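Notes follow once the structure below has been shown.
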Amino acid sequence: MSSILIVDDESGIRDSLRGVLEDEGFRTGEAENGETCLRLLEKHAFDVVLLDVWLPGIDGLETLQKIRELDNPPEVIMISGHGTIETAVRATKLGAYDFLEKPLSIDRTLILIKHAIDTKKLRHENRDLKRQLQSKSVIVGDSVPMKALRQQTSIMAPTNGRVLIYGESGTGKELVAHAIHAQSLRKDEMFVEVNCAAIPEDLIESELFGHRQGSFPGAATEKEGKFQKATGGTLFLDEVGDMSLKTQSKVLRTLDEQRFTPVGSADAITVDVRVIASTNKDLEEEISKGNFREDLFYRLNVIPFFVPPLRERKEDVPLLARHFLKEFADAYGRRSREITDDAIQMLMRYSWPGNVRELRNVIERIVIMNPTTTRFERKHLPPLIFRDGSRRASGGEFSTLHQARDAYERDYILKKLDENHGNVSRTAEMLGLERSHLYRKMKALGIAAKE
Ligand SMILES: Nc1ncnc2c1ncn2[C@@H]1O[C@H](COP(=O)(O)OP(=O)(O)OP(=O)(O)O)[C@@H](O)[C@H]1O
Ligand SMILES: [Mg+2]
């Protein structure tokens, strides 16, 4: 039930408003002046305050300002009498939702109250979602590289500098991008993500820049592009190495000119976004192969970040495992769980080709598969954790790390594909990789898809 606080020095007005509002199913409260109103708001939460402009003691405007300083303030609708309408208008500029003129129209009062309640709910949800997002962008890990990464993030987040994040799949590149946004001056605006690998080539331009209605077959309605959606906020170009040369040149132009033109439109739109890009490819290699524009690379690579693979910072495994254990115990509404040191030792021995995402998937799996277990041991871990690591212990047959890694990854992926009867989607899920990523990996390693 929504609640309304009526603030007016005339008891007649309070009585009649209370009657109407209670008939409509609202809970009400009353105050005859600003001081009482503020005292009541400290003790009880109200959704909407109907606030007279003219009050004895502190006036409506001052009361409004104090209300706006509260932690989760109600929406305020000003009530203006004869000669106070200008003040009421001024109040809306100070954050009042709207104003009503005396004599009050019941219909208009009720409509306005309902709208104000909706606004309050949206604001509330919005705040909760942002808080959730911010809590999700916590980078867990106490290894030296992770500590350095956190420090770097906090130093450069408040600048507007473009960031390019390197790292293998599943290392936490997107998380780092979120963390930078959450600590930036743009944190109250949108974080907009574009996965350049997942969007078909012929759609990416309209995805990024939007299009006018009818500008190409299939453009049935006008579409706002991600550059515009991210205005004031951050645009995350995920897997930027997969962008075609044509799109690269349009992005380059947009960054240079700080403006762009939607597909099929004549009018340019000014851009105010901070661009964060990520890649799991070696862009300098892509440049030498002619797949990536060097000029775009230099514009994106203002501040480079490298997120190391999990196998190079195994000391983070215990913290991460326990972090995910808590996350999934909460998500599945289960009591808190423990994991034995012995099981943690096993997890630390594994090489984690799918990095943190793979670890997260393993923990989720054991939480789901063992609903009544409160203490996870070695025996609860999936068999794959044990099979790896012992083979190819020396690796002496390879001259470079690159070769050794490729050979290992190839063997590993072939084995997993085999276990899943060649089903790429299922294998990707098991490895904690995105399907598109596994496909590219297979292509690079010369593995043919059987599907
Ligand atoms: N240091 C960390 N602390 C907490 N969670 C992490 C950490 N690193 C990664 N994760 C979690 O692991 C998962 C994978 O991370 P993320 O999506 O950021 O990886 P990515 O590098 O973008 O992968 P891809 O290249 O496949 O897109 C996410 O659920 C993320 O929240
Ligand atoms: Mg990602």
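The values are calculated or read from the model by the stated rules, or taken from the named source; none is laboratory data. Please read these numbers as outputs of a predicted model, since none were measured by experiment. No Cβ is skipped: glycine too gets one built from the backbone with ideal geometry, and neighbour counts run over all protein chains shown. The accessibility values were calculated without ligands, DNA or RNA, using every heavy atom of the protein model including side chains. Shrake-Rupley method; radii C 1.70, N 1.55, O 1.52, S 1.80 Å.
For the chain, the relative contact order works out to 11 percent when only alpha carbon pairs closer than 8 Å and six or more residues apart are counted. Here the chain yields Rg over Rh of 1.09, to two decimals, using C-alpha coordinates and the Kirkwood radius.
Computed about the Cα centre, the dipole magnitude for the range 273-395 is approximately 480 debye when only Lys and Arg (+1) and Asp and Glu (-1) carry charge, each at its Cβ.
The local environment of residue 187, defined by Cβ-Cβ distances under 12 Å, has a net charge of +2 under the rule Lys, Arg +1 and Asp, Glu -1. For the peptides 165-171, 140-146, residues were scored by their other Cβ atoms within 10 Å and the scores averaged per peptide; the highest-first order is 165-171, 140-146.
Both the radius of gyration and Dmax for the range 205-361 are 21.3, 65 Å, in that order, over alpha-carbon atoms. Dimensions of the range 220-283 along the principal axes, based on C-alpha atoms and rounded to the nearest Å, stand at 37, 25, 24, largest first. Taking only Cα atoms, what is the 0 to 90° angle, nearest 10, from helix 106-136's long axis to the longest principal axis of the chain? Between helix and principal axis, roughly 30 degrees.
Would you mind checking the pairs 93/226; 43/121; 281/326 and listing those with alpha carbons more than 26 angstrom apart? Over 26 Å apart, Cα to Cα: 93/226; 281/326.
Normalised per residue, the accessible area of the chain is 51 Å², obtained with a 1.4 Å probe and no contribution from ligands, DNA or RNA.
Could you tell me which of 417, 21, 61 has its Cα farthest along the dipole of the chain towards the positive end, charges placed at Cβ (Lys, Arg +1; Asp, Glu -1), taken about the Cα centre? Result: 417. Per-residue accessible area (protein heavy atoms, 1.4 Å probe) orders 421, 178 as 421, 178, starting from the largest.
Here the Karplus curve 6.51 cos²θ - 1.76 cosθ + 1.60, taken at θ = phi - 60°, turns the phi angles of the range 314-323 into couplings of 5, 5, 7, 4, x, 4, 5, 4, 6, 4 Hz, with x standing for Gly and Pro. Taking the centroid of alpha carbons for each part, the range 267-314 and the range 55-113 are 50 Å apart.
Listed values for the range 79-89 are Karplus-derived 3J(HN,Hα) couplings in whole Hz (6.51 cos²θ - 1.76 cosθ + 1.60, θ = phi - 60°), namely 10, 10, x, 4, x, 10, 4, 4, 4, 5, 5, and x replaces Gly and Pro.
Distances between placed amide hydrogens fall under 5 Å for residue 306 paired with 166, all partners being 5 or more residues away or on another chain.
Modelled spin labels at residue 303 and residue 319, positioned 7 Å past Cα toward Cβ, are 2.0 nm from each other. Heavy-atom surface analysis with a 1.4 Å probe gives the chain a carbon and sulfur content of 51 percent of its accessible area. Set Lys and Arg Cβ to +1 and Asp and Glu Cβ to -1, take the dipole of the chain about its Cα centre, and tell me which of 266, 292, 12 lies farthest positive. So the residue furthest toward the plus end is 292. For the chain, the longest principal axis of the alpha carbon atoms and the long axis of helix 355-369 meet at an angle near 70°. If both residues of a DSSP beta bridge must be in the chain, then about 10% of such bridges are antiparallel.
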